[in-house]
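Peer 1: Encoded as structure tokens, here's the structure I'll be asking about.
The values are calculated or read from the model by the stated rules, or taken from the named source; none is laboratory data. Predicted, not measured: the structure shown is a model, and the values here were computed from it. Reconstructed Cβ throughout: ideal geometry from the backbone, glycine too, with neighbour counts over all protein chains shown.
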Amino acid sequence: MPINDFLFHPLSWQPDPKSLARPRYLSLAAKLAHDIESGALPPGLCLPPQRELADWLDINFTTVTRAYDICRERGLVYGVTGRGTFVSPLPGKAEDGCVEAIDLGAVQGFPELGAGILMKTARDIISRDYTRHLFSYSDRNGAERHRAAGAFWISRLGAEVQAEETVVFPGVHSALVAIMLAFFEIGDALAVDEFTYGNLIGAARLAHVRLVPVEGDDEGMLPEALEEAAERDRVKGVFLMPTCANPTTVTMSKVRKDALSAVIGELGIFVLEDDAALEADGSGTFFGRLREQTFHLTGATRFLAPGLRIAFVASPRRHMKRLLNAHHRLTIKASALDTEIMSELILSGRAQKLIDEKIFRAEEMNGVFEKIFPDERRVAKDTPFFRTLELPHTRLSGPEIERELLLSGVRVCHSSRFAASKNPSRSFLRLSLSSVQKKKELENALRIVKKRLEGS
């Protein structure tokens, strides 16, 4: 007796019973996989109950169960107790409602470069005897090997850092949040550039920290402007991006770092130094200048592999206990496996080789940008992975500009995403040069942007 009247209660998936070959469970699994991967079965779809599908196909219940299990092991479906089996979202597939577009919004760091090295490194690590140790709660502060790798990575910029001064975090962003929660009270002020790291703006709001925008120029924050802001708003700290600041690409000179350090030292405030330097330029770090006031954050993942959410933080020793307490309460610990991969890359020298390769690619992509927009000068002293494009006067808001370009086939980020002030002085686009693989694809995207802006 059929358990379902299929005419009036059709199944969400009705494979042709005649299409199944032997062994039937493998044939059914292959059919299900094909329909999921082709998009015929969308993510989130509730698949037919196993007994009803078996009834529809006139096969044994266990045959359907085995087919579902195969697809579950491949990550194509997932089960929810009491609700059923659902189609999983697939990697690389656009989310429902998203517009297909060339992505110049996310700064990816050319993820395709070095993918083979990253995969080999991961496989080598997994094969080692000590790997099982990486899946435990041990070394919540980061294993000594990992902290030593982080200390080395930071020290290459000119400030000697010890392993015991280093903490491993699951990304720079989580480290920033932990520092704000640990060392800032509700209502405390943090000085920032007029245009700053976009996610810091939202994180500060959640931590109830006031952001105070400070005037700058082509070399970064102005020392006298910081001094005025500190007196006016009683700032407790300052957030700085000394190298290729996001989104402006501004890089500080040694002279500017020295001048800012003198002011900050007199003020006695914290420094949150997010330094994305790819290589030492001789200008040194704020941590090297103001060791007792500075938290130095560096996320090598930004340019090596965005999916490796690992950052190293050099902390004043007297603040280490408080920072670790916030770290444990907020994140518990960073992924030991990810940290091991990152440490292996650093200590083996592969990280710097990958970065050198990416710098070469970035230089090529900058050439494409300058071909399309020859009047846009390069502010960064090093090779930027993204560029800014000044916008003409327009009545459109930042989100409206983004939407117009998205409908034209290019995803971008408008400067309003990074504005710490309510009335920013500039309007520009941040265009990633490191999220596409080929120069031709980048050129096509930039020409679309140029044509759209000229028509506005």
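Peer 1: Which condition number in (1) of a type in the set (A, V, I, L, M, F, W, C); (2) buried (at least 24 other Cβ atoms within 10 Å of the Cβ); (3) in contact with a helix residue (DSSP H, G or I) (Cβ under 8 Å, 6 or more places away or on another chain) is the one that VAL212 fails?
Peer 2: Only one criterion is unmet by VAL212, namely (2).
Peer 1: Can you go through LEU57, LEU32 and tell me which one is under 35 Å from the mean Cα position of the chain (by Cα) and either among the small types (Gly, Ala, Ser) or surrounded by 18 or more Cβ atoms within 10 Å (Cβ to Cβ) (or both)? Working first, answer last.
Peer 2: Numbers: LEU57 fails: under 35 Å from the mean Cα position of the chain (by Cα).
Exactly one of LEU57, LEU32 is under 35 Å from the mean Cα position of the chain (by Cα) and either among the small types (Gly, Ala, Ser) or surrounded by 18 or more Cβ atoms within 10 Å (Cβ to Cβ) (or both), namely LEU32.
Peer 1: Restricting attention to the range 286-339, and to residues there that are modelled with pLDDT of 95 or more and of a type in the set (Ser, Thr, Tyr), which single residue is nearest to LYS236 (Cα to Cα)?
Peer 2: Residue satisfying both the conditions and the ranking: THR294.
Peer 1: Another one. Considering only residues that are among the hydrophobic types (A, V, I, L, M, F, W, C) and crowded, with 17+ Cβ neighbours inside 10 Å, look in the range 381-400 and name the one that is farthest from the chain's Cα centre (by Cα). Quick ask: steps written out before the conclusion?
Peer 2: Step one: filter the range 381-400 for residues among the hydrophobic types (A, V, I, L, M, F, W, C), giving 385-386, 389, 391, 396.
Now restrict to residues that are crowded, with 17+ Cβ neighbours inside 10 Å: 385-386, 389, 391.
On the way: PHE385: 14, PHE386: 14, LEU389: 22, LEU391: 26 Å.
The selected residue is LEU391.
Peer 1: Further, regarding this structure: So is PRO399 out of contact with any Phe, Trp or Tyr (no Cβ under 7 Å at 6 or more places or on another chain), at pLDDT below 90, outside any loop (DSSP other than H, G, I, E, B) and outside the structural domain of CYS244 (by TED's automatic domain parsing) or not? Let's see the steps before the verdict.
Peer 2: Details: out of contact with any Phe, Trp or Tyr (no Cβ under 7 Å at 6 or more places or on another chain): yes; at pLDDT below 90: yes; outside any loop (DSSP other than H, G, I, E, B): yes; outside the structural domain of CYS244 (by TED's automatic domain parsing): yes.
For PRO399, the condition - out of contact with any Phe, Trp or Tyr (no Cβ under 7 Å at 6 or more places or on another chain), at pLDDT below 90, outside any loop (DSSP other than H, G, I, E, B) and outside the structural domain of CYS244 (by TED's automatic domain parsing) - is met.
Listed here are the residues, each with its yes/no results for (1) closer than 18 Å to THR298 by Cβ; (2) without any contact (Cβ under 8 Å) to a residue 24 or more places away in the chain.
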| site | (1), (2) |
| --- | --- |
| GLU164 | yes, no |
| ALA178 | yes, no |
| ILE186 | no, yes |
| GLY198 | no, no |
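Peer 1: Any idea which of ARG329, ARG309, ARG256 is among the charged types (D, E, K, R), closer than 24 Å to ARG140 by Cβ and not in a loop (DSSP other than H, G, I, E, B)?
Peer 2: Numbers: ARG309 fails: not in a loop (DSSP other than H, G, I, E, B); ARG256 fails: closer than 24 Å to ARG140 by Cβ.
Matching residue, one of ARG329, ARG309, ARG256: ARG329.
Peer 1: Give the residue that is surrounded by the most Cβ atoms within 10 Å (Cβ to Cβ), with candidates limited to residues of the range 183-199 that are within 23 Å of the chain's Cα centre (by Cα) and assigned to a helix (DSSP H, G or I).
Peer 2: GLY198
Peer 1: Taking the condition modelled with pLDDT under 95 and either β-branched (Val, Ile, Thr) or more than 30 Å from SER335 (Cα to Cα) (or both), does ASP218 pass? Give the derivation first.
Peer 2: Working: modelled with pLDDT under 95: yes; either β-branched (Val, Ile, Thr) or more than 30 Å from SER335 (Cα to Cα) (or both): yes.
Judged against the criteria, ASP218 is a match.
Peer 1: In the set LEU304, LEU405, which member is crowded, with 21+ Cβ neighbours inside 10 Å and either touching a Cys at 6+ places or on another chain (Cβ under 6 Å) or within 18 Å of GLU443 (Cα to Cα) (or both)? Walk me through it before giving the result.
Peer 2: Working: LEU304 fails: either touching a Cys at 6+ places or on another chain (Cβ under 6 Å) or within 18 Å of GLU443 (Cα to Cα) (or both).
Within the list LEU304, LEU405, the selection yields LEU405.
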